[in-house]
Amino acid sequence: MIMPVEVIMAEEVIRSTNFITQIIDDDLANNRCTKVHTRFPPEPNGYLHIGHAKSICLNFGLARDYNGECNLRFDDTNPVKEDIEYVESIKNDVKWLGFTWSGEPKYSSDYFDKLYNYALELIGKGLAYVDELSPDEIAKYRGSFTEPGKNSPYRDRSIEENFNLFEKMKNGEFKEGTACLRAKIDMNSPFMCMRDPVIYRIKFASHHQTGDKWCIYPMYDFTHCISDALEGITHSICTLEFQDNRRLYDWVLEHITIDSHPHQYEFSRLNLEYSITSKRKLHLLVQEGYVDGWDDPRMTTISGLRRRGYTPASIREFCKRIGVSKQDNNVEFSALEACIREDLNEHALRRMAVLHPLKVVIENFPEGKTEELEGINHPLKEELGSRLLPFSREIYIEQDDFREEANKKFKRLVLGKEVRLRYGYIIKAERCDKNENGEVTCVYCTYLPESLGKDVPDHKPKGVIHWVDAHDNADVEVRLYQNLFNTPKPGDAEDFLATINKDSLQIIAHAKAERDLGKAHKGESFQFERTGYFCVDNKLSTDELKVFNLTVALKEDSSKASV
């Protein structure tokens, strides 16, 4: 089910300069175009990932910066792999990132009638033919990068015969894989995409937009350029793997009767370390149950990042920082984390949560008494005010914040030593209880009543630790995430599934948090002081139990976060 989201408009930004903006500036200056018109053309065969976010920010950002237009067009030419669920998720992601498209969403299927007629035009010009080679035979005849291809035995059919056979394809008189329509270009071309590419194939599948009207569907390379031309796209921007295909893009438009001839420009795709940006592989992760759906917080899909607590602004900033170029490179995951860390540091309210509770009894605090201590909501934003923290004789601290013995580098609670409670008193550990396994189960302390909010002569606690009241708190579930893969380039592995990190998710079922976190809203983010930034899971949280996802640690080296 697709969760509704609030549309957040992207803020105005200073336009970044790159080779595409330089091309656009030159086109405008020389009147090759008067208005910039781009498009974002995803195939609805899966959810969008972080690589698509780069393309979204580029195409919609150019339209915004140049006061132009950007179309959202679904490349829906393969009904076998496509679904309306993916259509809706894509719309949702684009809106969530802060962008809106021109007019209604468009579909390649809107142009199926026109595409069919353009195919007839190529046949009529002797530039397309119906081939009855099998797919394997077509691949064999195509040759290789070192060997030229050879002509199909069906290549020289008459125009009339090709018209008749293509009509039979359209009427469902051929089985799948027994016939296709190919462009007649050059089987000796050094570019494989120009060796008589298939432009129509047979698929007996119901289409999510056109139903059962068609059993032949155009290929992407034939559809894409014509759709761009029909929509008046001025700058058709795609990733570098389509660079050779630009020759086919231009060939099709040069050999049909159409007024517009857009130009295609290629930029490097986003390769993010420790992540996968192949829809086929992402599909496999979902289908085989390696992750909890397309929106699993360990996935770098846009919906997964959203569920984990990433914000639209952080993703837009990340795309801005990595820039647009023609050079392939691998971006460190820490670059993405830095963007969300900076955003949440600015906007997230501060709260305290104890993930691994250890009870502390303050023996000289009156039994039955509860005080209300004041904690600020944000250290940099006084206008956000403060909240009241219940404090009584019994509290919880982190297990790792107590040791019976420790060296001077340990600046937390040690037997016989003092520490300050965040927003509270100075306490001193006097003794502790242990279970039969030697594990500490309770620490007994004393406190300095005069130490609230002030220093006390002759008492210099070495550190500050967080805590929650043992009787007035919220029981929460916390989910800690690591990278889904153990290697920086899982896509390069012979078996990428073998690189999955089996410890990528740790579930802490019984954490203790400030009481108001039990009423936090889905999607709301907080800084758990001294730990990291957490987001209320928008899928698993209920009124009875809030589930918090770790978005990012406070520092790049998470081992330092609790020091």
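The values are calculated or read from the model by the stated rules, or taken from the named source; none is laboratory data. Quick caveat: nothing in here was measured; it's all calculated off a predicted structure. Glycine also receives a Cβ, built like all others from the backbone with ideal geometry; neighbour counts cover every protein chain displayed.
For beta carbons closer than 8 Å, sequence separation of 6+ or different chains, a first residue in the range 540-554 that is touching a residue at least 12 places away in the same chain (Cβ under 8 Å) and a second that is among the hydroxyl-bearing types (Ser, Thr, Tyr) and not in a strand (DSSP E or B), the qualifying pairs are 547/541; 551/310; 553/531; 554/531.
Across the range 241-259, what is the total count of residues that are among the hydroxyl-bearing types (Ser, Thr, Tyr) and loosely packed, with under 14 Cβ neighbours inside 10 Å? Quick ask: steps written out before the conclusion?
Of all residues in the range 241-259, those among the hydroxyl-bearing types (Ser, Thr, Tyr) come to 249, 257.
Those still in the list that are loosely packed, with under 14 Cβ neighbours inside 10 Å too: 257.
Total meeting the criteria: 1.
Against the conditions (1) crowded, with 24+ Cβ neighbours inside 10 Å; (2) under 30 Å from residue 212 (Cβ atoms); (3) among the basic types (Lys, Arg), residue 73 satisfies every one except (1). Among residues of the range 305-319 that are farther than 18 Å from residue 481 by Cβ and not assigned by TED's automatic domain parsing to the domain that holds residue 524, those with a beta-carbon under 8 Å from a residue that is part of a loop (DSSP other than H, G, I, E, B) and among the charged types (D, E, K, R) at least six positions away or on a different chain give the pairs 313/11.
One line per residue, one yes/no per condition, for (1) in a loop (DSSP other than H, G, I, E, B); (2) over 19 Å from the mean Cα position of the chain (by Cα); (3) modelled with pLDDT under 95:
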site: 508; (1), (2), (3): no, yes, no
site: 534; (1), (2), (3): no, no, no
site: 551; (1), (2), (3): no, no, no
site: 559; (1), (2), (3): no, yes, yes
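Among the conditions (1) surrounded by fewer than 20 Cβ atoms within 10 Å (Cβ to Cβ); (2) over 38 Å from the mean Cα position of the chain (by Cα); (3) of a type outside the set (Lys, Arg); (4) not in a strand (DSSP E or B), the only one that residue 371 does not satisfy is (4).
Considering only residues that are of a type in the set (S, T, N, Q) and out of contact with any Ser or Thr (no Cβ under 6 Å at 6 or more places or on another chain), which ones fall in the range 215-253?
Residues of the range 215-253 of a type in the set (S, T, N, Q): 223, 227, 234, 236, 239, 243, 245.
Those that are of a type in the set (S, T, N, Q) and out of contact with any Ser or Thr (no Cβ under 6 Å at 6 or more places or on another chain): 234, 236, 239, 243, 245.
Residue check, residue 128 against (1) of a type in the set (A, V, I, L, M, F, W, C); (2) buried (at least 23 other Cβ atoms within 10 Å of the Cβ); (3) farther than 23 Å from residue 248 by Cα, all met but one. Which one? Among (1) of a type in the set (A, V, I, L, M, F, W, C); (2) buried (at least 23 other Cβ atoms within 10 Å of the Cβ); (3) farther than 23 Å from residue 248 by Cα, the lone unmet condition for residue 128 is (3). Criterion first (part of a strand (DSSP E or B), touching a residue at least 40 places away in the same chain (Cβ under 8 Å) and not polar (S, T, N, Q)) does residue 391 satisfy it? In short, yes. Here 92, 78, 59 are screened, and the one residue that is more than 24 Å from residue 323 (Cβ to Cβ) and either touching a helix residue (DSSP H, G or I) at 6+ places or on another chain (Cβ under 6 Å) or assigned to a helix (DSSP H, G or I) (or both) is 92.
Looking across the range 113-134, just one residue is in a loop (DSSP other than H, G, I, E, B) and in contact with a strand residue (DSSP E or B) (Cβ under 8 Å, 6 or more places away or on another chain), and that is 127. Do the conditions hold for residue 217, that is, is it among the hydroxyl-bearing types (Ser, Thr, Tyr), touching a strand residue (DSSP E or B) at 6+ places or on another chain (Cβ under 6 Å) and on the phi < 0 side of the Ramachandran plot? When the stated conditions are applied, residue 217 does not pass them.
If we scan the range 275-291, do we find a residue that is in contact with a Ser or Thr (Cβ under 6 Å, 6 or more places away or on another chain), surrounded by 17 or more Cβ atoms within 10 Å (Cβ to Cβ) and of a type in the set (A, V, I, L, M, F, W, C)? It would help to see each step written out before you state the result.
Within the range 275-291, the first condition is being in contact with a Ser or Thr (Cβ under 6 Å, 6 or more places away or on another chain), and the residues that meet it are 275.
Right, trim to surrounded by 17 or more Cβ atoms within 10 Å (Cβ to Cβ) and you get 275.
Those left that are additionally of a type in the set (A, V, I, L, M, F, W, C): none.
Checked the range 275-291: no residue is in contact with a Ser or Thr (Cβ under 6 Å, 6 or more places away or on another chain), surrounded by 17 or more Cβ atoms within 10 Å (Cβ to Cβ) and of a type in the set (A, V, I, L, M, F, W, C).
Test residue 512 against the criterion of being in a strand (DSSP E or B) and either among the polar types (S, T, N, Q) or touching a residue at least 60 places away in the same chain (Cβ under 8 Å) (or both), and give yes or no. Taking the combined requirement at face value, the residue satisfies it.
Can you name the residue in the range 392-438 that is on the phi > 0 side of the Ramachandran plot and among the small types (Gly, Ala, Ser) and is also surrounded by the most Cβ atoms within 10 Å (Cβ to Cβ) among such residues? Walk me through how you get there before you give the answer.
At the first step, the residues of the range 392-438 found to be on the phi > 0 side of the Ramachandran plot are 416, 423, 438.
When the remaining residues are screened for being among the small types (Gly, Ala, Ser), the result is 416, 438.
Numbers: 416: 10, 438: 6.
The qualifying residue surrounded by the most Cβ atoms within 10 Å (Cβ to Cβ) is 416.
Here residue 202 fulfils each of the conditions (1) crowded, with 19+ Cβ neighbours inside 10 Å; (2) modelled with pLDDT under 95 apart from (2).
Scanning the range 294-336 for residues that are under 13 Å from the mean Cα position of the chain (by Cα) and outside any helix (DSSP H, G or I) yields 294, 295, 296, 297, 298, 299, 300, 301, 309, 310, 311.
In the set 88, 82, only one residue is in the same structural domain as residue 48 (by TED's automatic domain parsing) and within 22 Å of residue 216 (Cβ to Cβ); that residue is 82.
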